[in-house]
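What follows is one structure encoded as structure tokens, with my remarks underneath.
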Amino acid sequence: MKTNITPNFRGWNALILHRKHVGECKLAQQLSRLGIKSECRGINAVMNFPQVDVIFVDVDEGIDEMFPWLAGDATIPLIGLLGSEAPGRLAWALSQGISSHILKPISHSGVFSALTIAQHNYQYRLNNLQEIANLQQRIKLRPVVLRCILQLMDLANIDDSRAFMAMRAIAMQKRISIEELCVSYVDDSASLMQLYQSHLRGDLYSRVLK
Amino acid sequence: MTTLNIGLLFSTTGTYQAIGKDALNGVLLGINQVNHNASLALQIEPHIQNPGGSIEQYLAMTDAMLKHSNIQHIFGTITSIARKEVLPIVEKHDAMLWYLCPYEGFECSENVIYYGACPNQHIVPLFEYVLPKYGNKAHLIGTNYIWGWETNRIARELLMACGGEVLSEKYYAFEEFEFSRQISEILEKKPDFILNNLVGSSSYAFLQTLAKAALQYPELSRGKLPVLSCNVTECEIDKIGQAAQGMYTTASYFQDVDSKENQQLQDLAASYFGNPIKISSEFAAGYSSVLMLAEAVCEERSSEPEMVKEYLANHSFNTALGQLTLDPKTNHFPLTPYIARVDQGQPLVIDQNVKQVIADPYLVNFNAHEFAVKIAHGRRKMLGNSFLKVIK
């Protein structure tokens, strides 16, 4: 069974973008209990944006272009502080890519769970974005794979399925994607043929062993 | 003379009535002390409510006390379910809940005085004592709610940190009494120890079933298979009976603690109740918390929760639980995590010289590596500092 490790935010720095108010003091106090240093700034103060691990932003007064990144491309987890539930404000929060939220009035409960959920969601989103970028790159290289397979079919006088299986087996052996392998060998007939022959010798060798 | 109304919300009937009665008795003894103290211009008027373990009753009674009885301070709730249910109402009224029981942590309300131990004050020190001595393969059992789940989750995390293993983990409803399948599983898996986080009568039934099975299977006897608890105190030992013999438990107070304040409390309780009685950490905490409240109200001339809290954070109190000052950062008290082994119906403290531990309800300062090193060091000490074991 997987162990759920206790989330620990000791040593984190947080930025609270909200006009100063008793609620934000409570938030700062609760963050301090969790080992997090925080700084509270007004919503418009985006100059000298500090290096922090998490941002709490007032969704009621949040404005476009308040962060030094494009909307939705936050480089750290954003936690929305929600008072109004007007659809326009919620849409703004979603457009910024908030990872979790706390309802106002801010009390001492809810901060730990908001941080835990935000950290999880932010990491999950990052992993997904990375995976999507990786898959998009591979899709872009489909024509290269196709050309390489056609070249191998022609060179080795084999059908498409044998050519593809050979390239896929080689890629797996080298622990790279078939796209990466094809990029290295496409339009280089001599190297491609050499690669295929050494693959066949490897196959023969493993058959002898059996 | 000022009169202070306080609410006492303890379940003195139902599955965990033994704890409820003991905590209530402690608070009532404290009230009696205050009301008979001529130097305090204060009379405390208790409003006693018995929710009988029903969550709906906890809610209704809290609401009624805060709305209609001119009450700002409520002492009570035993389980975390009850505390979490009443907390929003207490916060809404900006009142104060005095919580006296050990709990699973991860909470820090401005409207609660946490007088019970949190995990770094109970399970962490208990494991630091037990794991080097008995090993790190555990059978976890608990009541099916947040106390059992979360304390066992922390136990699992601690065990993983030092290369241990959870061989099995089971949860039961509050009023479950049938544990024969558990016994079979324990016999089959052969854990180094059992961590029992069951609550109330279900816990007593489990321990009794285990003790009965030990007559047939000596490997289940306490000498060979220790049972640990983070919440069993003196007030429940009689209900468990002989089956409690040899079990380990941890608390911030035991009757066996060697201190002047403890002796005074026991003498006072004996004279109030007419004969010597068993006193638990909930009793001792209940008693001293009323004295703290009374002193704060008299000195501050206010019963406003914020003023009371500030007074508690700026003054030191001599109690049977030690010299205490409220930590304003967490609203918890620093407590002494004593470990005791039950012998002849009485938990006997293993080390009287344990140091107070500051509450860390979110385990912010817990370091898994340091914990593992501590366990390994303890293990080496148990083996007599010998890394090599002679096998004949």
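Remarks
- Of all residue pairs spaced 6 or more apart or on separate chains, those with beta-carbon atoms under 6 Å, a first member in region B:121-140 that is closer than 14 Å to residue B:379 by Cα and a second member that is of a type in the set (D, E, K, R) and part of a helix (DSSP H, G or I) are B:128/B:374; B:132/B:379.
- Residue in region B:40-47 that is touching a Pro at 6+ places or on another chain (Cβ under 7 Å) and farther than 16 Å from residue B:99 by Cα present: no
- Of all the criteria given as (1) assigned to a loop (DSSP other than H, G, I, E, B); (2) over 21 Å from residue B:284 (Cβ atoms); (3) out of contact with any Gly (no Cβ under 7 Å at 6 or more places or on another chain), the one not satisfied by residue B:298 is (1).
- Annotation note: Cβ proximity below 7 Å between a residue of region B:108-120 that is touching a residue at least 60 places away in the same chain (Cβ under 8 Å) and more than 12 Å from chain A (Cβ to nearest Cβ) and a residue that is of a type in the set (S, T, N, Q) and in a loop (DSSP other than H, G, I, E, B) (sequence gap 6+ or interchain) occurs for B:113/B:331; B:114/B:331; B:117/B:252.
- Test: residue in region B:84-103 that is at the interface with chain A (Cβ under 10 Å from one of its Cβ atoms), assigned to a loop (DSSP other than H, G, I, E, B) and closer than 20 Å to residue B:339 by Cα: no
- Residue check for residue B:206: away from chain A (no Cβ under 14 Å) and modelled with pLDDT of 95 or more: yes
- Residue A:70 being within 22 Å of the chain's Cα centre (by Cα), part of a helix (DSSP H, G or I) and either polar (S, T, N, Q) or surrounded by fewer than 20 Cβ atoms within 10 Å (Cβ to Cβ) (or both): no
- The one condition in (1) within 14 Å of chain A (Cβ to nearest Cβ); (2) outside any helix (DSSP H, G or I) that residue B:309 fails to fulfil: (2)
- Sole exception among (1) within 17 Å of residue A:100 (Cα to Cα); (2) assigned to a strand (DSSP E or B); (3) touching a helix residue (DSSP H, G or I) at 6+ places or on another chain (Cβ under 6 Å) for residue A:38, by number: (1)
- Matching residues, region B:84-120, being of a type in the set (A, V, I, L, M, F, W, C), touching a Ser or Thr at 6+ places or on another chain (Cβ under 7 Å) and within 30 Å of residue B:378 (Cβ to Cβ): B:117
- Qualifying residue in region A:99-107 (condition: away from chain B (no Cβ under 14 Å) and free of Cβ contacts under 8 Å to residues at least 24 places away in the same chain): yes
- Scan of region A:50-105 for residues that are of a type in the set (Asp, Glu) and more than 27 Å from residue A:35 (Cβ to Cβ), ordered by number: A:60, A:61, A:64, A:65, A:73, A:85
- Taken over region B:136-158, residues that are within 14 Å of another protein chain (Cβ to nearest Cβ), assigned to a strand (DSSP E or B) and among the β-branched types (Val, Ile, Thr) amount to 0.
- Leading residue by the ranking (surrounded by the fewest Cβ atoms within 10 Å (Cβ to Cβ)) among those in region B:159-183 that are at the interface with chain A (Cβ under 10 Å from one of its Cβ atoms) and assigned to a helix (DSSP H, G or I): B:160
- Tabulated pairs, region A:18-39, first more than 18 Å from residue B:366 (Cβ to Cβ) and away from chain B (no Cβ under 12 Å), second among the polar types (S, T, N, Q) and assigned to a helix (DSSP H, G or I), C-beta under 8 angstrom, 6+ apart or interchain: A:38/A:32
- In region B:272-294, the qualifying residues are those that are of a type outside the set (Gly, Ala, Ser) and farther than 16 Å from residue B:75 by Cα, and the one that is surrounded by the fewest Cβ atoms within 10 Å (Cβ to Cβ) is B:275.
- Checking each residue in region B:312-329 for being part of a helix (DSSP H, G or I) and more than 16 Å from residue B:96 (Cα to Cα) picks out only B:314.
- Filter pass, residue B:354 being away from every other protein chain (no Cβ under 14 Å), part of a loop (DSSP other than H, G, I, E, B) and either closer than 24 Å to residue B:251 by Cα or touching a Gly at 6+ places or on another chain (Cβ under 7 Å) (or both): yes
The values are calculated or read from the model by the stated rules, or taken from the named source; none is laboratory data. None of the values given here were measured: they were computed from a predicted structure. Glycine also receives a Cβ, built like all others from the backbone with ideal geometry; neighbour counts cover every protein chain displayed.
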